[in-house]
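A short worksheet on the structure shown next.
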Amino acid sequence: MQLPATDHTPLIRTDFSDDEMWQRVVDAALSVSRDGFQANLEIVNDRVFATADPINLAVAADGGSDHALLVIADARTMLDAEMPLLCVDLVPFGRQFRVRPDELWSVENNISLANMDFAEFANAVDSDGVFRGFRE
């Protein structure tokens, strides 16, 4: 299993049960925030990643990329009305939390630019493990 070489954060589809829902997830993840920010994503829609384990994906990415995180659209993403994407830390790899697609820009931009680290977002998730933005 090899991820494509890219400068953008991979958004990897691992659930292929619903093409229409997948398109909704991609559209939401690529949406521009009200302040004009957008996640820099490489959309990975390849059945070779069907049902791939997040840790195995992290190991695959760790060997051949400079990415700080992976974003995964799995079965929960496709079934949950909020479409929470799974974020997997690659430095060090393994830590995880979920993020609503409309808040992904904040996670992706800040972690990729090293403005904030993974733990700052992971520590701000709601009780169900989903990051919905920072509360004031």
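Observations
- Length-normalised contact order of region 31-136 in % [C-alpha pairs under 8 Å, at least 6 apart]: 24 percent
- Accessible surface computed residue by residue for region 72-113, with neighbouring protein chains in place and a 1.4 Å probe, gives 38 Å² per residue.
- With every protein chain in place, the chain: carbon and sulfur % of accessible area (1.4 Å): 46 percent
The values are calculated or read from the model by the stated rules, or taken from the named source; none is laboratory data. In this text, all values refer to a predicted model and were calculated from it rather than measured experimentally. Calculation scope for accessible area: heavy atoms of the full protein, side chains included, ligands and nucleic acids excluded. Shrake-Rupley method; radii C 1.70, N 1.55, O 1.52, S 1.80 Å.
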